[in-house]
1. Report the accessible area of residue 64, computed with a 1.4 Å probe over the heavy atoms of all protein chains in place, in Å² rounded to the nearest 10.
2. Taking θ as phi - 60°, what are the ³J(HN,Hα) couplings along segment 53-60 by the Karplus curve (6.51, -1.76, 1.60), each to the nearest whole Hz, with x for Gly and Pro?
3. May I ask you to derive the relative contact order of segment 42-191, considering only C-alpha pairs under 8 Å and at least 6 residues apart, and to give it as an integer percent?
4. Pop out the ³J(HN,Hα) list for segment 117-131 in order, Karplus 6.51 cos²θ - 1.76 cosθ + 1.60 with θ = phi - 60°, rounded to Hz; leave Gly and Pro as x.
5. Mind listing the phi-derived Karplus ³J(HN,Hα) values for segment 247-255, rounded to whole Hz, using 6.51, -1.76 and 1.60 with θ = phi - 60°, and x for any glycine or proline?
6. Where does the chain land at 222 nm, in deg cm²/dmol rounded to the nearest 500, when only DSSP H runs of n ≥ 4 count, each adding -39500 (n - 2.57), divided by all residues?
7. What are the residues whose amide H is under 5 Å from the amide H of residue 168, where those residues sit 5 or more places off or on another chain and H is modelled from the backbone?
8. Do you know the relative contact order of segment 215-348, to the nearest whole percent, from alpha carbon pairs under 8 angstrom that are 6+ apart?
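The values are calculated or read from the model by the stated rules, or taken from the named source; none is laboratory data. Because the structure is predicted, anything quoted here is derived from the model rather than measured. Here the Cβ positions follow ideal geometry from the backbone for every residue, glycine too, while neighbour counts run over all protein chains shown. Ligands, DNA and RNA are stripped out before the accessible areas are found, and what is left, the full protein with its side chains, is counted by its heavy atoms. Shrake-Rupley method; radii C 1.70, N 1.55, O 1.52, S 1.80 Å.
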Amino acid sequence: MSGPWLRRLASGAAVVGAAALALAAAIVPAAADTGSAKLSATTGVGVHNTYNQAAYPRLANALDSGTSLIELDTWTDVFGDYWKVSHDNPFGNGNNCVNAAQPSDIYTGSANKDLGSCLDDVKYWLASHTTTGPLTIKIELKQGFEANSGMGPAQLDALINSHLGSLVYRPADLLGSFPNLDAAAKANAWPARSALAGKVIVYVIPGTVELGNPFDTLHTDVEYGTYLKNLAAAGKVSQATIFPTVLGAVAGDPRTQYSDTSIRPWFVVFDGDAATYVNGIDTSWYDTNHYLLTMTDAQNVAPTLSDTAPSQADAQARVALLASKHASIVSNDWTGLPAVLSEVLPRG
């Protein structure tokens, strides 16, 4: 009698065990293959003011964190004819960029160099990390362009072309044969993330000084959007290195703020406050149209987290929340959490 009973018990235990494993597998799904997904279908994590030496001694250290986005605050210097990188000093550089001439230089040498040097740091870092990326470079033009003094969109494109060249994923790459970037984005013409390994995507936003200047009536977004539209009309769109970006979280299509309706279809990148986006705005619109959306200050979404040092679990939960709210990039100041900064999740 004991033999059959034990066999039945063992068989029953095996069935229960298999069911338990199946349930566990359902609760904890396998990691998503974000590498094969379109760029527009993924959510990465970025670091605000990545050039801050207090956070990272060198820009290369920031890149080592695995971040999908770095931010560089930039000022025009019309007298020196170059672009400074600093948070609040328009008269000098204050950053962690060095004057590198090869990959081995990016962790050494004196800091506080100009935008060109920061771009070189990125170039040489990517030379040793060819399977990484794409890396988004967000440039805040603190006081905007000064095209009348030789520091306009064409000059910034020339600088980026000279330092990053073929590493840049350009508006022309998305555009293809479509009439404008909006049509290309809606057709989801973005490549897979894996196809963008070793590449950079650059976008610009208007700066705080520019926006507070009552005499500045031509802001960065409009100026570059118009420039890009005109390049396309002239058959020269391949010269452009930058995606013009709509700044600010508002309901509906924020491009309606532009009185020149002809530039609206050239904006497919958006940037704004995360807490505002998740408080009543239908962000699925960005995802449905395959637009890229950066949500900033992730810590301020309720319940608020530490600006700089939340727990890893809380930070990862926040990134997952904003990914579900259709962010393409979740921006924060969590410099001590590389496990969070290196995350790439499915979007939506």
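1. The value for residue 64 is about 80 Å².
2. Values, residue by residue: 5, 5, 8, 9, x, 9, 4, 4 Hz.
3. Here the relative contact order equals 21 percent.
4. 3J(HN,Hα) across segment 117-131, in whole Hz: 5, 4, 5, 5, 4, 4, 4, 6, 5, 5, 4, 9, 9, 5, 9.
5. 9, x, 8, 9, 6, x, 8, x, 6
6. One gets -9500 deg cm²/dmol as the mean residue ellipticity at 222 nm.
7. Here the answer is 200, since their amide H atoms fall under 5 Å of that of residue 168.
8. 19 percent
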